[in-house]
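Below you'll find the structure, written out as structure tokens, and then a few comments.
The numbers here are math on the coordinates, done by the rules we state, and not lab data. Given the structure is predicted, the values throughout are model-derived calculations rather than measurements. Positions of Cβ are generated from backbone atoms using ideal geometry, with glycine treated the same way; all protein chains shown enter the neighbour counts.
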Amino acid sequence: MPHSKLDISNIRAQFPVLNQTVYDKPFIYLDNAATTQKPASVISSTVDYYSSYNANVHRGIHFLSDRSTSAVESTRRYVQKFINAKGICEIIFTKSTTDSINLVASTYSKISLLPGDQVVISAMEHHSNILPWQAVCKEKKAELKVIPVLETGELDMEQLKIMMSGKVKIVSLCYVSNTLGTINPIKEIIAIAHKFGAVVLVDAAQALAHIPIDVQDLDCDFLAASAHKAYGPTGVGILYAKQKYLEEMPPYQLGGGMVDNVSFNSVTYSSIPHKFEAGTPNIAGIIAFEQALKFIDEVGFEKIQSHESNLLQCLLESLSILKNVVLLGSSIHRVSIISMYIKGIHSLDVGMLLDANGIAVRTGNLCTQPLLDLFKAPNVVRISCAMYNTEQEILQISKKFNTFIEKLYR
Amino acid sequence: MTISSSKLFKGIGQIQDEIIREFKYLQGDREAAINYIMEIGEKLPPMLPLRKTEHNIVYGCVSNVWLSYEVRDGLIHFEGDSDANVTKGLLAILIAILSRQKLDAIINANLYFITEIGLLNYIGQQRSFGLANVVKHMKTIALTEKNKIRRRRRRKGTV
């Protein structure tokens, strides 16, 4: 049965930021892997919160605090449902994917890593999924192993299988590469890792808005994601973790909101998930996040994936015919992210020229320096789509690339 | 940018006024301004690889920037390079203004052309920090050379 099409005009109408000109040119936003734009429902949720029921959560007994607490817990239930977590206590609110990964690296390593143990990541990881592991391996005298990436932009699964052994305690991988757009065979990797007794953390930052996630089906032990890459506010992240691990892990940050009893000599920590939620969270952000997830659900992943797949095709077709353009990776399993460079032009220069035409892309090393070193690309331009982008926008950016190339190589 | 070869006799102010006049022709067209800066950068002679040392890197720039200099007849001759054309263009402009000027003129230079042509609007926040770093670097070089001269004179007892 053919997928029913996404109503692009209706979708775009719900994102007020898209309706503007930049330097008198129509605004084209193609930097969604950095952050997505927000629908009106998310924006009005924030306004409504601060206008009507702003109050600190979990600790008050008055009407407003009750209402804000209920709203936060409602988001927690929605996230649980969105990723099909077994228990609501398995959903922790953090500041971001980076915060979630640091939480696991810092606390899970305390109960699992011994000298000589190994942590496995891949060469396509974001710095946020490299540096925390680098640090804990140094601290615990464990070894950091790196799964190579093939020229296609896919993980070298043969090497992965060779690398796995009883020494590997933690595997931490991205579901989707923020630079290559590659969708990794995460379920298969988790099954392999579990055979050797290793736990797996999935960095789902680039996946949450683009691929339906079922943590029980994947059987991942941890999953980290950010609200702001899924049409939600900045400053809100999620960490999913299997209950048994959360109960064993020591708290990450200490303070108010995560304790039951405190004296100067002793402390009793709260049960999960609150054990891992010290301090006042980004309440408005968490509440608005539910609206973002509802928005995705109302559009539907089927339509989103179909539309974004068309955008990817359009991108690949229009860019691959351009001379002197190098596209990184060629995996057929990818979301609509492409990183590329034009030979002879620094990506910063390309980015500035595109910006002058109202087009927003990301340039530089995309927080994946080791990956770019592998591809011998010191800097790249990344185009990353979301559900509100159109084929016309893709054709416009390709036209601009063509102009730059013609000018450079005349 | 047509930088006259008789620049030796032009002060920092005169060169800046020339630059301001050139940019006025662009009438605020952003893409034209960026292309223009890139064209200026294309004309900047490349730096020899052996001069692209760690010592000559200017930190705090979004692209790689190298800056070196020589002192000839009491004047500083700057040389710069970058892997990005817009950065090269900015370097070329700064070198055109500050190279072969007296040390005090460099140290005290008021680079008003930056505001006059709205340069920071064209190049954005990140590159603005980089530009400020390069200017600071060039002025520090001039100050360093001035201090060297002072020390030499003190040793000779002429101060």
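If you plug the beta carbon distance of B:Thr144 and B:Ala32 into 1/(1 + (r/R0)^6) with R0 = 22 Å, you get a FRET efficiency near 0.05.
Which shape class applies to chain A: rounded if a/c is under 1.5, otherwise prolate when a/b exceeds b/c and oblate if not, where a ≥ b ≥ c are the square roots of the Cα gyration tensor eigenvalues? Mind dumping the intermediate values first?
Working: a/c = 2.01, a/b = 1.26, b/c = 1.59.
Since a/c reaches 1.5 but b/c is at least a/b, the shape of chain A is classed as oblate.
Where a Cα-Cα gap under 20 Å defines reach, which aspartates and glutamates qualify for A:Lys242, not counting those fewer than 8 residues away within the same chain? Counting by Cα, and skipping residues close in sequence, A:Lys242 has these aspartates and glutamates nearby: A:Glu73, A:Glu90, A:Asp99, A:Glu188, A:Asp203, A:Asp214, A:Asp217, A:Asp219, A:Asp221, A:Glu277.
Normalised by the residues of chain A, what does the relative contact order come to in percent, with Cα pairs under 8 Å and at least six apart?
Here the relative contact order equals 23 percent.
With both labels modelled 7 Å from their Cα along Cα-to-Cβ, the B:Asp83 to B:Leu48 distance reads 2.3 nm. Rounded to the nearest 500, the 222 nm mean residue ellipticity of the protein assembly as shown from helices alone is -13500 deg cm²/dmol, with -39,500 (n - 2.57) taken per DSSP H run of at least 4 residues.
Please list, by residue number, every one of the GluC sites (Glu not before Pro) in region A:129-195 that is coil in DSSP and has at most 11 other beta-carbon atoms within 10 Å. Don't skip to the answer; put the middle values down first.
Values: sites: A:Glu139, A:Glu143, A:Glu151, A:Glu154, A:Glu158, A:Glu188; in loops: A:Glu151, A:Glu154.
Taking region A:129-195 and a limit of 11 other Cβ atoms within 10 Å, the loop GluC sites (Glu not before Pro) found are A:Glu151.
Mean per-residue shielding of peptide A:349-362 is 4, counting Cβ atoms of other chains within 10 Å of each Cβ. Taking a straight line from the alpha carbon of A:Lys376, these aspartates and glutamates sit under 14 Å away, with near neighbours fewer than eight places off in the same chain left out: A:Glu151. Helices meeting the span-like rule in chain A (full DSSP H runs, Cα extent of at least 30 Å along the helix axis, mean Kyte-Doolittle score of 1.6 or higher) are absent. For the segment B:59-68, counting C-beta atoms of other chains within 10 Å of every residue's C-beta and taking the mean gives 2. For the pair A:Glu248 and A:Ser330, a Förster radius of 51 Å applied to the C-beta separation gives a FRET efficiency near 0.75, rounded to the nearest 0.05. For region A:1-104, trypsin sites (Lys or Arg not before Pro) meeting the loop criterion (DSSP other than H, G, I, E, B) and having at most 14 other Cβ atoms within 10 Å: A:Lys5, A:Arg59, A:Lys86.
In the protein assembly as shown, what percentage of the DSSP-assigned beta bridges are antiparallel, given to the nearest 5?
On the way: 36 of 55 bridges.
For the protein assembly as shown, the DSSP antiparallel bridge percentage is about 65.
Amide H to amide H, with H built 1.01 Å from N, A:Asp31 comes under 5 Å of A:Ser384, counting only residues 5 or more places away or on other chains.
Amide H contacts of A:Gly153 (H built 1.01 Å from N, in plane; Pro and chain starts excluded): A:Ser330 sit under 5 Å, all sequence-distant by 5 or more or on other chains. Using the Cβ of A:Cys137 as centre and a radius below 10 Å, the other residues enclosed give a net charge of +1, where K and R count +1 and D and E count -1.
Of the GluC sites (Glu not before Pro) found in region A:353-410, none is in coil by DSSP with at most 16 other Cβ atoms within 10 Å of its Cβ. Couplings 3J(HN,Hα) for region A:7-23, derived from phi with the Karplus relation 6.51 cos²θ - 1.76 cosθ + 1.60 (θ = phi - 60°), are 7, 5, 5, 5, 4, 4, 5, 8, 10, x, 5, 6, 8, 8, 10, 10, 6 Hz, where x marks Gly and Pro.
Could you sort out which of A:Lys294/A:Lys400; A:Lys145/A:Lys294; A:Lys161/A:Lys229; A:Lys138/A:Lys343; A:Lys38/A:Lys138; A:Lys138/A:Lys161 sit more than 29 Å apart by Cα distance in this structure? List each step's numbers first, then the result.
On the way: A:Lys294/A:Lys400 36 Å; A:Lys145/A:Lys294 38 Å; A:Lys161/A:Lys229 31 Å; A:Lys138/A:Lys343 38 Å; A:Lys38/A:Lys138 39 Å; A:Lys138/A:Lys161 24 Å.
Beyond 29 Å: A:Lys294/A:Lys400; A:Lys145/A:Lys294; A:Lys161/A:Lys229; A:Lys138/A:Lys343; A:Lys38/A:Lys138.
The separation of region A:143-181 from region B:103-117, counted between C-alpha centres, amounts to 52 Å.
Determine the gain in length on full extension of the stretch A:Tyr409-A:Asp24; use 0.36 nm per residue of separation and subtract their C-alpha separation, reporting nm with one decimal. Mind showing how you got there, number by number?
Values: separation 385, 0.36 × 385 = 138.60 nm, distance 2.81 nm.
The span from A:Tyr409 to A:Asp24 would gain 135.8 nm if fully extended.
Which FRET efficiency value, to the nearest 0.05, do you get for A:Lys303 and A:Ala13 by plugging their Cβ-Cβ distance into 1/(1 + (r/R0)^6) with R0 = 22 Å? After rounding, the FRET efficiency stands at 0.85. For A:Leu293, A:Leu366, the sequence from fewest to most other C-beta atoms within 10 Å is A:Leu293, A:Leu366. Based on C-alpha pairs under 8 angstrom that are at least 6 apart in sequence, region B:43-159 has a relative contact order of 24 percent.
Using Cα pairs under 8 angstrom and six or more residues apart, how large is the relative contact order of region A:9-97, in percent? Mind dumping the intermediate values first?
Values: 53 pairs, mean separation 12.5, N = 89.
About 14 percent, as a whole number.
A crude spin-label estimate for the pair A:Ile88 and B:Ile20, with each label 7 Å from Cα along the Cβ direction, gives 6.6 nm. Going by Cα centres, region B:120-159 and region A:287-325 are how many Å apart? Using only Cα atoms, the two centres lie 49 Å from each other. Amide H contacts of A:Val171: A:Val120, A:Val199, A:Val200, A:Leu201, each under 5 Å away and 5 or more positions distant or on a separate chain (H built 1.01 Å from N in the peptide plane; Pro and chain starts excluded). From the alpha carbon centroid of region A:341-404 to that of region B:48-100 is 27 Å.
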